[in-house]
Amino acid sequence: MTDFLLELRCEEIPARMQLKASDDLARLFTEELAKAGLKPASIDSFVTPRRLALIARDLPLETAAVSEEFKGPRTSAPAQALEGFLRKTGLTQDQLEDRDGVWFAVVNKPGRATTDVLAEAVPAVIRAFPWPKSMRWGVASATTESLRWVRPLQGIIALLGGEIVPLSIEGIEAGRETVGHRFHSTGTISIDGADDYADKLRAAYVIVSHQERQAIIEAKAGEAAAAKGYSVIEDKGLVAENAGLTEWPVPLLGDFDPEFLEVPPEVIQLTLRINQKYFVLRDATGKLAPAFICTANIEAKDGGVAIVAGNRKVLAARLSDARFFWQQDRKTPLAEQAKKLGRITFHEKLGTVADKVERVAKLAEWLASEGIVPNCDPALARQAAELCKADLVTEMVGEFPELQGVMGGYYARAEGLPNAVADAIRDHYKPVGQGDDVPTAPVTVAVSLADKLDTLGGFFAINEPPTGSKDPFALRRSALAVLRLLEVNGLRAPLSAILCQGHEYGWVMSSLFDFARNNRGMGLQAEDRNFREEFEHGKRILYYADTVIDVSDWIRKSSYDDAINFEDDPVPALLDFFADRLKVQQKEAGVRHDLIDAVFALGGEDDLVRLLARVKALQSFVATDDGANLLAGYKRAANILKKEGVEQAEAISLSYEPEKAEADLIAALDAAEPQAAQAVAAEEFEGAMAALATLRAPIDAFFETVTVNDADPAKRTTRLALLARVRDAVHNVADFSKITG
């Protein structure tokens with residue numbers, strides 16, 4: 001057994017690609033060896049800005065002989081099929097085996113020298129490498145058949161034990177020589193084998209382990225900050241990025257003018273992190289410190305003084321720009337900035353950002369006025385919604401798009417707007433991801449909900465839902481955010497009602513309402529409840545009191561043409577979409593998706609708080625013996641009813657003396673049905689389950705002693721009706737047919 005060392009050296013690999021490239025190299029190499037029956041004991045992989053490398057441990061010097069069996073065509077198949085099979089296997093017909101009328105080929109492959117396997121595997125890995133972006137170079141790049149690599153490939157080390165594996169690609173011959181640090185090392189370094197690779201490069205100021213470089217950066221950055229009484233704001237991504245930019249990392253502490261701290265801290269953090277790749281520091285009080293840590297790639301003779309000075313100068317220019325944006329933006333009130341949103345297209349079929357803002361403002365105000373978001377001032381909700389996108393046209397957000405919302409909150413506070421409005425502008429994009437904070441302030445909740453519901457409703461209305469893995473408008477994330485907002489805040493309103501918003505405020509209806517009001521001169525008011533719409537002969541018709549408004553011509557001619565599919569109602573599809581997202585969300589909480597289906601299947605249940613309470617009670621119930629046995633009894637009853645074609649329960653009229661089990665079940669149903677219905681109405685779902693549990697024993701006894709399909713038609717009809725009552729009683733709580741198991 002011996003070790004194999006492979007190094008692929010090139011010009012600088014982008015930091016963001018390095019770790020995946022290291023994993024890809026190990027994966028592709030393992031797959032190529034496996035084709036020849038080779039499996040290393042382990043693989044150690046390394047990556048620096050200028051090299052990808054791996055060490056495959058404990059490879060044999062030869063592969064074992066292997067025997068592979070291939071199934072071919074039937075012996076009666078046409079001659080062409082047999083000829084193709086023979087070409088594939090490289091055998092002749094007399095070498096095949098006839099097994100029950102089917103040709104089989106047994107191909108024996110003798111063992112091979114591992115060196116030969118590696119000489120084929122390494123070029124195959126290099127040519128198949130999945131770089132996100134790659135290039136061709138030199139004279140060979142004139143043809144598309146030439147090698148592609150992330151940056152020009154400059155050298156290859158391929159050593160099995162201490163011997164060079166003879167291979168080449170695009171004129172680059174494998175050898176044992178590499179280079180060290182670009183500035184701290186000169187000339188080539190000769191590698192004897194896998195065991196001295198890392199040590200020889202370390203001596204040449206190259207740390208080949210990405211993980212070790214990360215550890216050095218974290219430790220030395222922390223030490224440098226602590227020496228000045230500061231602490232580093234944790235940023236694992238930035239640590240990894242700095243490790244990908246250096247082969248010999250040297251963290252250095254610098255500072256900047258404290259006057260720049262007048263700029264919001266988020267701006268300073270982004271300037272340091274995104275533009276300069278610097279670590280951000282806090283002082284002893286937890287506030288942003290006027291200092292930074294940059295990571296050099298050399299051991300400077302002056303201890304890094306010149307490096308820090310150069311970085312300080314560049315940072316000062318960046319922060320000066322940020323301060324200028326901050327000062328200039330505050331000269332224009334958000335209300336004036338918002339007027340510019342009409343210049344920005346939200347979506348060609350959904351109008352401008354200004355159009356979206358108006359829809360969101362209507363919905364946010366409605367959510368507050370209807371009490372769906374409790375304790376929310378409708379006027380503040382509208383004001384916050386009208387200004388929530390205004391910062392999109394500011395200089396600061398133009399420079400730092402990541403700060404949309406955040407900067408709007410700062411500008412709102414700076415011009416003296418109510419704190420509730422400023423907070424809502426700042427946080428209305430939340431929650432963005434699964435781990436993000438969920439807003440609980442009423443005005444923020446109203447605006448956040450309105451914004452996301454408008455986006456979801458709009459894109460479903462123009463038939464742009466997510467498909468497969470594609471979700472260009474992040475609608476899945478928006479739906480999960482809506483569900484979390486409803487659940488965390490305990491908001492009690494059916495989703496369908498919110499989506500339709502009393503009609504006159506709806507994302508579908510708002511444009512129609514405005515049309516009727518502005519173009520028909522009817523003077524409709526926002527509070528009117530006589531405004532409605534219906535379908536007639538495939539057309540959408542508006543009604544106001546007794547007046548009929550046919551908007552078909554307007555629909556065809558308007559700027560919303562094709563934007564809203566008036567022939568189909570998108571709300572049901574959107575509710576199904578929410579149901580799917582709810583399953584994803586609740587699966588992580590340990591809730592079974594089939595139980596969610598069982599509750600949704602009843603229809604009319606889209607109050608999230610009530611739905612989840614019902615689902616959780618159902619999950620607890622079906623985990624008990626009573627629940628499991630009742631489910632079995634229900635399914636047996638449902639199967640009989642389905643087979644007999646009984647869809648609705650008929651009134652039970654006993655024209656005969658019922659058997660004891662039959663009478664007991666009738667009595668149990670008489671007691672359980674109203675109890676379960678009352679408990680569901682009172683949202684006491686555990687009580688509803690307890691009422692259903694009383695049916696378990698009577699149902700079991702019924703099936704044990706009573707013949708449902710009795711020869712007497714009267715008995716058969718009555719007993720089927722009794723089973724239909726059982727089914728309907730259970731459906732008071734959930735559709736048990738959707739429950740698996």
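Read-outs throughout are calculated quantities, based only on the coordinates presented, and are distinct from any laboratory measurement. Since the structure is predicted, the reported quantities are computational estimates derived from the model, not experimental observations. Note that each Cβ is placed from the backbone with ideal geometry, even for glycine, and that neighbours are counted across all protein chains shown.
Around Gly175, with a cut-off of 12 angstrom between Cβ atoms, what is the net charge of the other residues, counting Lys and Arg +1 and Asp and Glu -1? Walk me through the intermediate numbers first.
Numbers: positive: Arg9, Arg176; negative: Glu7, Glu163, Glu173, Glu177.
Taking every other residue near Gly175 into account, the sum is -2.
If I require 27 Å or longer along the helix axis, counting alpha carbons, and a Kyte-Doolittle average no lower than -1.0, what helices from the chain are left? Use full DSSP H segments. Could you put the intermediate results ahead of the total?
Values: long enough: 15-35 (31 Å, -0.41); 305-329 (36 Å, 0.09); 442-461 (28 Å, 0.98); 625-644 (29 Å, -0.64); 660-681 (32 Å, 0.35).
Result, helices passing both filters: 15-35, 305-329, 442-461, 625-644, 660-681.
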In nm, to one decimal, how far is the Val102 label point from the Arg282 one, both placed 7 Å along Cα→Cβ?
6.7
Any idea what Rg and Dmax come out to for segment 66-109 if you just take the C-alpha atoms, in Å?
9.7, 30
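Go through 408-416, 355-363, 72-80, 371-379 and give me the packing order, highest mean Cβ count within 10 Å leading. The partial results should precede the final answer.
Values: 408-416: 20.3, 355-363: 23.7, 72-80: 12.4, 371-379: 17.2.
Most protected by this proxy first, the peptides run 355-363, 408-416, 371-379, 72-80.
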Within 10 Å of each residue's Cβ, count the other Cβ atoms and sort Met689, Met135 from fewest upward.
Met135, Met689
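Could you work out the local net charge near Val232, counting Lys and Arg as +1, Asp and Glu as -1, over the other residues with Cβ closer than 13 Å to its Cβ? Can you show the working numbers first?
Working: positive: Lys220, Lys228, Lys236, Arg273, Arg282; negative: Glu218, Glu223, Glu234, Asp235, Asp283.
It works out to a net charge of 0.
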Give, in nm to one decimal, the length gained when the segment between Asp437 and Glu336 is fully stretched (0.36 nm per residue of separation minus the Cα-Cα distance).
33.3 nm
Between Leu602 and residues 5 or more places away or on another chain, which pairs have amide H atoms under 5 Å apart, with H built 1.01 Å from N, and which residues are they?
Asp735
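Can you give the local net charge around Leu480? Use residues other than it whose beta-carbon is closer than 13 angstrom to its beta-carbon, Lys and Arg +1, Asp and Glu -1.
On the way: positive: Lys430, Lys452, Arg476, Arg477, Arg484, Arg581, Lys583, Lys587; negative: Asp436, Asp471, Glu487, Asp580, Glu588.
Combined, the nearby Lys, Arg, Asp and Glu give +3.
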Amide H to amide H under 5 Å from Val150: which residues, 5+ apart in sequence or cross-chain, H placed 1.01 Å off N in plane?
Met135
List every residue whose amide H lies under 5 Å from the amide H of Ala441, counting only residues 5 or more places away in sequence or on a different chain, with H placed 1.01 Å from N in the peptide plane.
none
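For the chain, give me the percentage of DSSP beta bridges that are antiparallel, rounded to the nearest 5 percent. Display every interim value, and only then the final one.
Working: 64 of 66 bridges.
If we restrict to bridges inside the chain, about 95 percent are antiparallel.
Past the 28 Å Cα-Cα mark, which pairs from Lys349/Lys452; Lys430/Lys587; Lys587/Lys643; Lys236/Lys313?
On the way: Lys349/Lys452 17 Å; Lys430/Lys587 22 Å; Lys587/Lys643 34 Å; Lys236/Lys313 26 Å.
Too far apart for the 28 Å limit: Lys587/Lys643.
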Toy charge model, Lys and Arg Cβ at +1, Asp and Glu Cβ at -1: the chain dipole around Cα centroid in debye, rounded to 20, equals 1680
Quick one: Debye curve from the alpha-carbon atoms of segment 592-738 only, equal weights, vacuum; give me log10 I(q)/I(0) at q = 0.13, 0.21 Å⁻¹ to two decimals.
-0.55, -1.32
Put +1 on the Cβ of every Lys and Arg and -1 on every Asp and Glu Cβ in the chain; which of Pro40, Val730, Val615 then has its Cα farthest towards the positive end of the dipole?
Pro40
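Starting from the coordinates of the alpha-carbon atoms of segment 1-127, obtain the Kirkwood hydrodynamic radius over all distinct pairs and give the value in Å to one decimal. Display every interim value, and only then the final one.
On the way: mean 1/r = 0.0578 Å⁻¹.
Every distinct Cα pair counted, the radius reaches 17.3 Å.
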Under the Karplus relation 6.51 cos²θ - 1.76 cosθ + 1.60, θ = phi - 60°, what is the ordered set of whole-Hz ³J(HN,Hα) values for segment 156-163, x standing for Gly and Pro?
9, 9, 9, 10, 9, x, x, 9
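Hey, what number do you get for the chain at 222 nm if only DSSP H runs of n ≥ 4 count, each worth -39500 (n - 2.57), divided across all residues, to the nearest 500? Mind showing how you got there, number by number?
Working: 27 runs with 347 residues, N = 741.
Calculated from helices alone, the mean residue ellipticity at 222 nm is -15000 deg cm²/dmol.
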Given Cα pairs under 8 Å that are at least 6 residues apart, what percent is the relative contact order of the chain?
7
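Stokes-Einstein diffusion coefficient for the chain at 4 °C in a medium of 1.567 mPa s, Rh from the Kirkwood formula over Cα pairs: what value in µm²/s?
On the way: Rh = 33.0 Å.
The diffusion coefficient I find is 39 µm²/s.
Order these by the 10 Å Cβ neighbour count, fewest first: Ser42, Ser620. Intermediate values should be presented prior to the final figure.
Numbers: Ser42 10, Ser620 13.
Fewest-to-most ranking of Ser42, Ser620: Ser42, Ser620.
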